[in-house]
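Asks: One structure, pasted below without further comment.
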Amino acid sequence: MSADFIAGKLKERGILLAVQVEKTVDSTNNVLKSYAAAGESRDLVLLSEEQSAGRGRRGRSFFSPEGTGIYLSLLLHPDVTPEESTMLTTLTAAAAAVAIEAVTGVETQIKWVNDVFVRGKKIAGILTEASLEPGKSSPEYVVVGIGFNLYMPEDGFPEELREVAGSILESSKHLKNLRNRLAAKFLISFMEYYRTFPGRSYLEEYRRRCFAIGRRVRILEPEGAPGKSAERAGLGREYAKVLGIDEECHLQVQYDDGTVELLSGGEISIRL
């Protein structure tokens with residue numbers, strides 16, 4: 001990974017974003033949160049060749065081996081409400097999908113809320129974390145992390161991930177400078193959307209790729225809480241048809257009893 005190459009591509013588009021590349025870190029999100037705690041006021045992107053403790057949503061780990069992926073986080077200081085800051089996740093997913101298709105020609109899909117899929121498997125995940133102080137109208141900072149599985153790891157994915165994780169490219173043949181080109185394109189797409197944020201310039205790209213729309217899904221509660229899942233099942237509201245995505249990126253679903261609900265978080269399960 002080359003900070004000079006990526007920064008140069010950003011500068012060509014008038015994007016002045018500090019770029020840092022490391023050989024290895026525990027988690028790019030963790031590093032940038034420590035920077036913010038130490039007073040870093042610039043908007044900054046950190047990329048790492050690998051992560052020893054990559055993190056996903058709900059405390060899950062994110063497999064981040066050297067040489068086959070792109071692992072990066074952005075430290076941002078948006079003047080938005082806490083609710084609006086959560087929409088940076090969907091902005092990131094749209095920017096990732098646009099960049100992957102532009103650089104590799106591979107078609108992407110998005111699983112609400114934060115996963116990008118290729119050929120029915122997850123190839124990118126997003127973790128957004130904000131520092132919210134009581135009484136403040138906007139977060140002190142937001143860190144948005146994303147990991148791309150660009151190539152298949154030499155020894156494959158760990159056993160527990162093989163059914164769900166995939167890579168953007170099936171071939172092990174590495175295309176010239178592809179990781180740097182994809183990282184730069186992603187950051188350009190992200191920052192162009194971010195310039196008008198909390199505007200929704202990215203929303204149609206997100207909706208167009210969201211493969212849950214029109215399908216029957218299972219509603220999963222945060223942390224997979226069995227009590228809540230059982231309660232939903234008792235109400236006949238464990239499964240629903242997805243009607244669409246509203247302007248706040250809530251998932252609009254309709255249960256079998258006709259009840260319509262907007263989901264702002266949690267997870268859904270879709271049988272592919």
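Asks: If I take every Cα pair under 8 Å that is 6 or more residues apart in the chain, average their sequence separation and divide by the length, what percent do I get for the relative contact order?
Replies: It comes to 17 percent, rounded to a whole number.
Asks: Amide H to amide H, which residues 5 or more places from F117 or on other chains are under 5 Å from it, using H placed in the peptide plane?
Replies: Excluding prolines and chain starts, which carry no amide H, the hits are Q109, I110, K111, I123.
Asks: Quick check: Cα centre of segment 64-99 to Cα centre of segment 22-47, how many Å?
Replies: What the calculation gives is 14 Å, centre to centre.
Asks: If you don't mind, there's one more thing I want to ask. Along segment 142-154, what does the Karplus equation 6.51 cos²θ - 1.76 cosθ + 1.60 (θ = phi - 60°) give for ³J(HN,Hα), rounded to whole Hz, x for Gly and Pro?
Replies: Once θ is set to phi - 60°, the couplings for segment 142-154 become 10, 10, 10, x, 9, x, 10, 8, 7, 10, 5, x, 4 Hz.
Asks: Treating cross-link reach as a plain straight distance, find the lysines whose alpha-carbon is under 26 Å from the alpha-carbon of K11, omitting any fewer than eight places away in the same chain.
Replies: Result set, ordered by chain and number: K23, K33, K176, K185.
Asks: Of the GluC sites (Glu not before Pro) in segment 124-178, which ones lie in a loop per DSSP and count no more than 15 other C-beta atoms within 10 Å?
Replies: In loop regions of segment 124-178 (DSSP not H, G, I, E or B), the sparsely surrounded GluC sites (Glu not before Pro) are E140, E154, E163, E170.
Asks: About its Cα centre, how strong a charge dipole does the chain have in debye, to the nearest 20, once Lys and Arg get +1 and Asp and Glu get -1 at the Cβ?
Replies: 700
Asks: Further question: Nearest 500 deg cm²/dmol is fine: what mean residue ellipticity at 222 nm does the chain get from its DSSP H runs of n ≥ 4 alone, each adding -39,500 (n - 2.57), divided by its residue count?
Replies: The helix-only estimate for the chain comes to -8000 deg cm²/dmol at 222 nm.
Asks: Moving on. Hey, rough spin-label estimate for E154 and E140, points 7 angstrom out along Cα→Cβ, what's it come to in nanometres?
Replies: 4.2
Asks: Using R₀ = 35 Å, calculate the FRET efficiency as 1/(1 + (r/R₀)^6) where r is the Cβ-Cβ separation of T196 and V260; round to 0.05.
Replies: 0.70
Asks: Same structure, new question: Under a 5 Å amide H to amide H cut-off, with H placed in plane at 1.01 Å, what residues pair with R215 once short-range neighbours are removed?
Replies: V242
Asks: Which loop-located trypsin sites (Lys or Arg not before Pro) does segment 64-142 contain, where loop means any DSSP state but H, G, I, E or B and the Cβ has at most 14 other Cβ atoms within 10 Å?
Replies: R119, K136
Asks: Given H placed on each backbone N at 1.01 Å, which residues far from V164 in sequence or on other chains put an amide H within less than 5 Å of it?
Replies: For V164, whose amide H was placed from the backbone, there are no distant partners under 5 Å.
Asks: At a 10 Å Cβ-Cβ cut-off, how would you order I270, I123, fewest neighbours first?
Replies: Least to most surrounded, the residues fall as I270, I123.
Asks: Stokes-Einstein diffusion coefficient for the chain at 10 °C in a medium of 1.306 mPa s, Rh from the Kirkwood formula over Cα pairs: what value in µm²/s?
Replies: For the chosen part, D equals 82 µm²/s.
Every read-out reported here was derived from the displayed coordinates using simple, explicitly stated rules and does not represent laboratory data. Because the structure is a prediction, the values reported are computed rather than measured. Don't worry about glycine lacking a Cβ; one is built from the backbone with ideal geometry, like all the others, and counts go over all protein chains shown.
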